[in-house]
Amino acid sequence: MTPGRRGKRPEGRRSTAPARRLPWDQVLDRLSVYYQMGLWRVPYLKAHAEDPFQVLVATVLSQRTRDETTDRVAAKLFEAYPTPEALARAPPARLRRILRPVGFYATKARGIRELSRLLMSRHGGAVPRDMEALLALPMVGRKTANCTLVFGFGIPAIPVDTHVHRLANRLGAVRTRTPEETEEALRKVVPEGLWVPLNPLLVQHGQNVCLPRLPHCERCPLVDLCETGEAFLERGPALPPRTVKLLAR
Ligand code: SF4
């Protein structure tokens, strides 16, 4: 997962209409096809689920890095240093060598070593289960903290990355400029019982159908629930000028 950029609009001009009330149970039910197909494009989270420490560190590694690279590097890292105790004592040069393929590897090598040291000194080697304590750790922002709560502990939370931010706005469920605003807005409108599957299903949809530059509304199961999809249906088969321009590149 890559984090959304602060202050960047998800796309184009924002609607001034009030946000829509969506039947979130139907939205997630229709997207559950991704689970049925066994599609899960964030392997570093799947491989290390149920180990909050590895979920936390893998999510830090994933910042500004492709999922495949994160998965490869995380596997190598945890083979050598599977616990906070081991990682806190890792030789910095070896850590940098292992992390070299990920973005900002030197900063992350320093950060995860310090993070491990603080887990040992503040929390007895365990990952804290609450947002405030997670945010007090180095390299941990709201998305990483939320991922740790959901994927490490199964605690309801809403990690918002660039896909969730874009989709929530295209659906018309929120009118927000930043992932932080989107998280706050989604917490108000999505029933808490649906928070855990929300991120993985929207991320899958954002990677496979509702692509950043060109949403495939013509094959989207949400088309009749979605604000952007409704506009697509009204327009008919004609492609919008922006799409024509993109295809001509
Ligand atoms: S209908 Fe289009 S814009 Fe809406 S979620 Fe589907 S692909 Fe995205």
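The values are calculated or read from the model by the stated rules, or taken from the named source; none is laboratory data. Only a predicted model underlies this, so the values are computations on that prediction, with no experimental measurement involved. Methodologically, a virtual Cβ is constructed for each residue, glycine included, from the backbone with ideal geometry; neighbour enumeration extends over all protein chains shown.
Report every pair of residues separated by at least 6 positions or lying on different chains whose Cβ atoms are under 8 Å apart, first residue within the range 130-158 and without any contact (Cβ under 8 Å) to a residue 12 or more places away in the chain, second part of a loop (DSSP other than H, G, I, E, B).
Between residues of the range 130-158 that are without any contact (Cβ under 8 Å) to a residue 12 or more places away in the chain and residues that are part of a loop (DSSP other than H, G, I, E, B), the close pairs are Leu135/Gly141.
Of (1) in contact with a helix residue (DSSP H, G or I) (Cβ under 7 Å, 6 or more places away or on another chain); (2) farther than 19 Å from Thr148 by Cα; (3) touching a residue at least 24 places away in the same chain (Cβ under 8 Å); (4) in a helix (DSSP H, G or I), Val102 satisfies all except one. Which?
Val102 satisfies all of (1) in contact with a helix residue (DSSP H, G or I) (Cβ under 7 Å, 6 or more places away or on another chain); (2) farther than 19 Å from Thr148 by Cα; (3) touching a residue at least 24 places away in the same chain (Cβ under 8 Å); (4) in a helix (DSSP H, G or I) except (4).
Could you tell me which of the residues Val150, Val203 is within 22 Å of Asp25 (Cβ to Cβ), in a helix (DSSP H, G or I), away from the ligand (no atom under 15 Å from the Cβ) and β-branched (Val, Ile, Thr)?
Unique residue meeting the criteria: Val150.
Here are Ala126, Ala90: which of them is more than 24 Å from Val196 (Cβ to Cβ) and in a loop (DSSP other than H, G, I, E, B)?
Only one candidate passes the filter, namely Ala90.
Consider Glu180 carefully, then state whether it is assigned to a helix (DSSP H, G or I), under 14 Å from Pro159 (Cβ atoms), free of Cβ contacts under 8 Å to residues at least 24 places away in the same chain and more than 9 Å from the ligand (Cβ to nearest atom).
Here the answer is no, as Glu180 does not meet what is asked.
Look at Ser116 and say whether it is among the small types (Gly, Ala, Ser), at pLDDT below 95 and in contact with a helix residue (DSSP H, G or I) (Cβ under 8 Å, 6 or more places away or on another chain).
In short, no.
Just one of Ala17, Ala80, Ala90, Ala86 is surrounded by fewer than 19 Cβ atoms within 10 Å (Cβ to Cβ) and modelled with pLDDT under 95; which is it?
Within the list Ala17, Ala80, Ala90, Ala86, the selection yields Ala17.
On the given criteria, is Thr243 assigned to a helix (DSSP H, G or I) and either at pLDDT 95 or above or surrounded by fewer than 22 Cβ atoms within 10 Å (Cβ to Cβ) (or both)?
Against the criterion (assigned to a helix (DSSP H, G or I) and either at pLDDT 95 or above or surrounded by fewer than 22 Cβ atoms within 10 Å (Cβ to Cβ) (or both)), Thr243 qualifies.
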